[in-house]
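The next block holds one structure in the form of C-alpha cells; read it before the comments.
The values are calculated or read from the model by the stated rules, or taken from the named source; none is laboratory data. Quick caveat: nothing in here was measured; it's all calculated off a predicted structure. Cβ sites come from the backbone with ideal geometry, for glycine too, and all protein chains shown count toward neighbours.
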Amino acid sequence: MNRTRWLYSLGILLLFAAPLEVLARIKLTTLPVRERVEIQLDHPQIALVEEERIVPLVKGVNQVDFSWANTRIDPDTLVLRILPSPVEQPLEARVLSVSYPPNENALVWAVAASDSGAVRVRISYVLGGLSKDFHYRAVADRAEKTLNLAQLLRVNNNANEAYASAEFWAGVGERFSKPLGLSETKEVQLSRFAAVPVRKTYTIDPTAFGYLDRAKDQLNVPMHYVIKNAGGDLGREPLPAGKARIFQDDGQGGTAFLGEDRGAFTPPDDELKLYLGLARDIAVRRTVDRNDRQRIAGNLYRYDVTLKYEIENFKDTPATLDIIESVRQIRDQIRGDSGRDPEWQLGDGTLRDSDPEKSDADQLLFRVELPARPADGPAPKQIHTLRLTLNNEW
Amino acid sequence: MVNAMTSNKNLNRMAWLGCGLAMLLLPLALAASNLNLATVPERRTVQLTIYNSEDLTLVRESRVLSFKQGVNPLQFSWANTLIDPTSVELTFREPGAALQVLDTTFPHDRPQTLFWNVQSDADREATIEISYFTSGITWEADYLAIADPEEKTLRLESFVRVRNQSGEDYENAQVRLVVGTINLVEKIAELARLPVGRLDELKREEYRELRLKAGRQMMAPAPIMMAETAVAADMAAPKEIIKEGLSEYFIYTIEGTETVPNGWAKRLRSFEADEVPMTVEYRYRPREYGDPLVRLYLLRNDAASKLGGTPLPDGTIRVFRANGRDGLSYLTRQSLKYVPIGDKIELNLGPDPLVVFELVKRKVYRDNLWFQVRGGDLYHKLGESGLRLELDSRVAGWDEHTIYQQRIRNYGRQPIKAQIRREFPGDIVFRSRLNPSLHDFQTVQFEAEVPAGGKAELDYELIARTGYNQKQNRVELQAGEVSR
C-alpha cells in the first residue's frame, strides 16, 4: 500500500496557466511518467538522481508542480533542465521562477513555452538514503602468484523510493541498468580482472603489529597480499576503497578463505596492500642487544643501540621479510621521550641499506631474504642486527 | 464598511487577517469612540525593500484618502504582523504642503494601533504614503554552477529567493533587494509585537489549508492570452533584475511586481552566464581550507569572464559537472561570500583522490649547540677550543635542521598546478631551490606543476634556531641545496 502511494507521490503535476477558478478544476491534467532515470553514484557520499520526463506545455506560462513525500530529496539541490527539442518540433521553453509553498515538500516551476507541445526535462536532485559501497572478491591460485579479482558494487536503497529501471554510474566500471526496489540492496559485478600478479609479503613492525609473545620477545609476522593497480585490465581506473575477501584455490575444485581486509583507495599505478592474517611459520625474536650512553658535553649524550633479530623460516618455500622500525619508538624505549625528533645514523650492523622509498627520518624498512627450510633438517636461524647511533640527546 | 467586511466568508476574512493592516478615517467628533467609520482605503501600490544582512524590510505603500478641512484623525492598525511600531511613518505625496501630521498617538488600550491627527487646509482627496519596517521577509542569493566535462568553462546561474514569514500577504508588490551589511541597534522582530489571538478562531489545520489554497491562487500566473490576441506577443521571458549601486550597498529591483503570500518563498533568476572561463588549481593552505590539498575552480567576476554586471551577494553555491551525456556529477555545495565586481571567485571542490599529497620528513640533525654554564649568564658553544663542559652545563640553544620532501603524485589524466603555503613559527631559515616567496613573515609559498601520471618531489630544509639561538621570529628564505 505504501509502495503504491509512493509511486504516485513523487509526481509532476501540471497546472496549466489558467484563471484561478479553472485551476482547481483541472488540477490533475496530466501526470507525466518518468521516461528515464539515472542514478549518479560517482560522488563519495552523495547520490544524485536524474529523471527525465516529457512534460506537455501550452503556449504561455505553465505551472509545473513537483512534490514528494516520505523521501529525503534535498530541495535546495533540485535542478530542472529543459533538454533541446528535436529539430522537427522546435519548442522553446524557459524556467521563469520557482515558488515554494509553506509546509509542503513541493515546489512550483513557472515555465514559459513559445508554443504548445511537449518538452523533455531532466530533473536532478540529491537523494538521501541511497548509498553504495564497493567490495572485492579474489581467488588466488595454488602458488599464490596470481589471483582473479572481482570488483562488486552494492547499492543500498533506504530512500523509500523504488525504481522500475535506472541506469547507475558508480564513477568507475561500466554503466548498468537495473531495477531497484524499496529497501532493496542490489549487488552487481562491475569489473573482473583475471590473473592479476600478486606479491605476498611478510612483515615485522613492532609499532603497528606488536608482539606475538612479549615475554619471549617474539613478534607478530603479518602476511599481506600486494596488488599493483597496473597492467592488463588494471590501471585504467582507480580502485575505490572497499572490503576485500581473499580465497585460495584449494586444489580440490573448491576454495578456502584466507582472510579479509579493508582496501584503501588505490589510484592507477599504486599498490593495494591487504593484511590477511598472521604467518606462524616465520618466527622472529627481537631484542635490544646493546644500549651504551656516552656523554659528549654537559648534559648532552650519544647512545649506541643494537637491535638483534633471530629469524627462522619453517616454511618449505623461501620468503622475503620486511623489517620495519620506528627510530623514535626505539629512542623512547631506551631513554624516554625528549619531545625532539631523534637524530640518528645507521651503524655497521647487518641491516645497513634501508629501502629509500619506504624509509624516512623516523621509519626504516629493510628487506631480508629467508631461504626455505631444508627438506631434511631444521630451519636455519638467521641473525640480523640493526645498529643505531642516536646523537645529540639531552 | 467594517460591518460589511467582517460579515464576509471565512476565506475573505482570512485574507484580511493576513493583510492585517487597516486604515480608518474617523470623523473628528468621534476620534476616540471608533463607532462610525468613514472608509477603509485600499492599497494602491506597495514596495518592499528587503535587506539580506538583517531581518529587515522597508515597506512603502500608498493609499488614497479623502480629507475634510480641519483636523482629521486617522487610525492605523497592524494586528498579527511583525511591524516595528516605532518605524511607522505617514507622508503625503500630493498635495504635500496642504496636509500636515499634527501628532501621533499610541493608545495604551489598543495594541498594534496608532492614531494620527492630520491637518487639512481644505476638503480634498490626497495620496498618502505609509512606510514602516517589518521583519519576517527575507531574501537570499543562491547559485548554480555547471562545469563543462573538460573543466575549461562553466555555466553560472544566480538566483534570488524571497521568503515571506511576516504574517502579511503582499500582492503585486514591487520588490527591491538590498545587498550589503547595515547597522541596526535593535532587532525589528523584537520591536514588533507578537501576533495575538485572532488566528485561533479557526482550527490550525483549517487555517493552513485555506492559506495554502489562497496562496496557490495568488501564485498562479496571469491568464493565457487567446491565440488571436497572443500572436504578436513573444514568449514570456524571465523577469529582468535591475542592479544599481546605493551608497555602500547594491540594490536589485525585480522587474514588474511580485506576489509573495505569507509562508511562501519565491526564487527568481538574477542572471546567467554561459561559458565562463575558469582554471583548475590545487592549493594547500591549512588556515583557509583545512589540512588536505584541495581542488579549486577559479574564476573572476568581471566582464572578460562574462560576469561583472553586479557583485555576487553572499549565498550558497552548488557545483556540478556535466558528464557529457546530459547528466550531471555532483561536486560540492559551499557558501559563497560577497564577491565585488572584478574580484575572484573560488569554488572549493575538496580533496581529489587522484592526487596524493604527502610530506615526508627525511632527516633531522642538530648543530650550533650552546650551553648555559651552571645556570648563570655564561654561555659556551660546543666545540670551542680549550673548553671543558662539566655535567652542570646544560644545552640552552641549538639549530634544528629538518629536511622535508613534499611529494605530489598526480594519478589524474590532466597536468595540475599546485600551490603550497606552510606556516613556520619561530626563527626559521627556509632553504631550497623551489623559488619560494613569503606570503607573510612566517608563511612560505611555493608552486609546482605535476604532469598527468607524474610526480613532483619538492625538497626543502628548515633550520629552526631554537632556545638561546632564537633571535628573531620570522622566516628567512635562502636559496641553496638541502642537506643529504
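Could you please find all residues in the stretch B:241-296 being closer than 20 Å to B:Leu307 by Cα and of a type in the set (Gly, Ala, Ser)?
Once the filter is applied, which keeps residues that are closer than 20 Å to B:Leu307 by Cα and of a type in the set (Gly, Ala, Ser), the stretch B:241-296 yields B:Gly245, B:Ser270, B:Ala273.
Going residue by residue through the stretch B:45-52, is there one that turns out to be surrounded by fewer than 18 Cβ atoms within 10 Å (Cβ to Cβ) and modelled with pLDDT of 85 or more?
Yes, some residue in the stretch B:45-52 is surrounded by fewer than 18 Cβ atoms within 10 Å (Cβ to Cβ) and modelled with pLDDT of 85 or more.
For the condition under 30 Å from A:Leu48 (Cβ atoms), touching a Lys or Arg at 6+ places or on another chain (Cβ under 6 Å) and of a type in the set (D, E, K, R), what is the one hit in A:Glu187, A:Glu174?
On the way: A:Glu174 fails: touching a Lys or Arg at 6+ places or on another chain (Cβ under 6 Å).
It is A:Glu187.
Just a yes or no: is a residue in the stretch B:336-351 in contact (Cβ under 8 Å) with a residue 40 or more places away in the chain, over 27 Å from A:Pro238 (Cβ atoms) and of a type in the set (Lys, Arg)?
Looking through the stretch B:336-351, at least one residue is in contact (Cβ under 8 Å) with a residue 40 or more places away in the chain, over 27 Å from A:Pro238 (Cβ atoms) and of a type in the set (Lys, Arg).
State all residues of the stretch B:415-438 that are free of Cβ contacts under 8 Å to residues at least 60 places away in the same chain and buried (at least 17 other Cβ atoms within 10 Å of the Cβ); if no residue qualifies, say none. Break it down into steps so the answer makes sense when it comes.
At the first step, the residues of the stretch B:415-438 found to be free of Cβ contacts under 8 Å to residues at least 60 places away in the same chain are B:415, B:424-438.
If the condition is that a residue be free of Cβ contacts under 8 Å to residues at least 60 places away in the same chain and buried (at least 17 other Cβ atoms within 10 Å of the Cβ), then B:Asp427, B:Ile428, B:Val429, B:Phe430, B:Arg431, B:Ser432, B:Leu434, B:Pro436 are the ones that fit.
For the stretch B:389-434, what are the residues that are within 9 Å of another protein chain (Cβ to nearest Cβ), within 24 Å of A:Glu357 (Cα to Cα) and small (Gly, Ala, Ser)?
B:Gly412
Give the number of residues within the stretch B:317-334 that are at the interface with chain A (Cβ under 8 Å from one of its Cβ atoms) and either touching a helix residue (DSSP H, G or I) at 6+ places or on another chain (Cβ under 8 Å) or at negative phi (or both).
Pass one, the stretch B:317-334, residues at the interface with chain A (Cβ under 8 Å from one of its Cβ atoms): B:318, B:320, B:323, B:326-331, B:333.
Subset that is either touching a helix residue (DSSP H, G or I) at 6+ places or on another chain (Cβ under 8 Å) or at negative phi (or both): B:318, B:320, B:323, B:327-331, B:333.
Number satisfying all stated conditions: 9.
Take B:Ala126 and decide whether it is within 30 Å of B:Arg269 (Cα to Cα) and surrounded by 18 or more Cβ atoms within 10 Å (Cβ to Cβ).
No; evaluated as a whole, the condition is false for this residue.
Pull up the stretch A:66-90, narrow it to residues that are more than 30 Å from A:Asp133 (Cα to Cα) and surrounded by fewer than 18 Cβ atoms within 10 Å (Cβ to Cβ), then point me to the one that is nearest to the other protein chains (Cβ to nearest Cβ).
A:Leu83
What number of residues in the stretch A:207-234 are among the acidic types (Asp, Glu) and closer than 24 Å to A:Arg286 by Cα?
Residues of the stretch A:207-234 that are among the acidic types (Asp, Glu), as a first pass: A:213, A:217, A:233.
Right, trim to closer than 24 Å to A:Arg286 by Cα and you get A:213, A:217.
Summing the residues that are among the acidic types (Asp, Glu) and closer than 24 Å to A:Arg286 by Cα in the stretch A:207-234 gives 2.
With the requirement that a residue be outside any strand (DSSP E or B), surrounded by fewer than 21 Cβ atoms within 10 Å (Cβ to Cβ) and not polar (S, T, N, Q), what does the stretch B:153-182 give you?
Initially, the stretch B:153-182 is screened for residues outside any strand (DSSP E or B), giving B:165-169, B:180-182.
If we keep only those that are surrounded by fewer than 21 Cβ atoms within 10 Å (Cβ to Cβ) too, we end up with B:165, B:180-182.
The answer is B:Gly180, B:Ile182.
Output the number of the condition that B:Arg433 fails; it satisfies all remaining conditions of (1) over 48 Å from the mean Cα position of the chain (by Cα); (2) at pLDDT 90 or above.
(1)
Out of all the residues in the stretch A:370-394, which are among the small types (Gly, Ala, Ser) and within 20 Å of A:Arg352 (Cβ to Cβ)?
none
Residue-wise test of (1) in a strand (DSSP E or B); (2) over 30 Å from B:Pro425 (Cα atoms).
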| position | (1), (2) |
| --- | --- |
| B:Gly263 | no, yes |
| B:Arg267 | yes, yes |
| B:Ala273 | yes, yes |
| B:Leu299 | yes, yes |
| B:Arg325 | no, yes |
| B:Arg333 | yes, yes |
| B:Ile341 | no, yes |
| B:Glu346 | yes, no |
| B:Leu359 | yes, no |
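Tell me, please, whether a residue that is within 30 Å of A:Leu41 (Cβ to Cβ) and either part of a loop (DSSP other than H, G, I, E, B) or over 22 Å from the mean Cα position of the chain (by Cα) (or both) can be found in the stretch A:186-193.
Checked against the condition, which is being within 30 Å of A:Leu41 (Cβ to Cβ) and either part of a loop (DSSP other than H, G, I, E, B) or over 22 Å from the mean Cα position of the chain (by Cα) (or both), the stretch A:186-193 yields no hits at all.
Can you name the residue in the stretch A:91-101 that is assigned to a loop (DSSP other than H, G, I, E, B) and not acidic (Asp, Glu) and, of all such residues, is farthest from the other protein chains (Cβ to nearest Cβ)?
Checking each candidate, the answer is A:Leu91.
What strands (runs of 3 or more DSSP E) lie completely within the stretch A:316-381 and have 2 or more residues being within 20 Å of A:Asp289 (Cβ to Cβ) and either more than 14 Å from chain B (Cβ to nearest Cβ) or within 36 Å of the chain's Cα centre (by Cα) (or both)?
Once the strands (runs of 3 or more DSSP E) in the stretch A:316-381 are filtered for at least 2 residues that are within 20 Å of A:Asp289 (Cβ to Cβ) and either more than 14 Å from chain B (Cβ to nearest Cβ) or within 36 Å of the chain's Cα centre (by Cα) (or both), what remains is A:319-326, A:363-370.
Could you count how many residues in the stretch B:99-123 are in a loop (DSSP other than H, G, I, E, B) and loosely packed, with under 13 Cβ neighbours inside 10 Å?
Here is the first cut: in the stretch B:99-123, the residues in a loop (DSSP other than H, G, I, E, B) are B:106-112, B:121-123.
Filter once more, so that each one left must be loosely packed, with under 13 Cβ neighbours inside 10 Å: B:107-109, B:122-123.
The number of residues fulfilling the criteria is 5.
Taking the conditions exactly as written (crowded, with 17+ Cβ neighbours inside 10 Å, outside the structural domain of A:Leu149 (by TED's automatic domain parsing) and touching a strand residue (DSSP E or B) at 6+ places or on another chain (Cβ under 8 Å)), does A:Ala297 satisfy them or not?
yes
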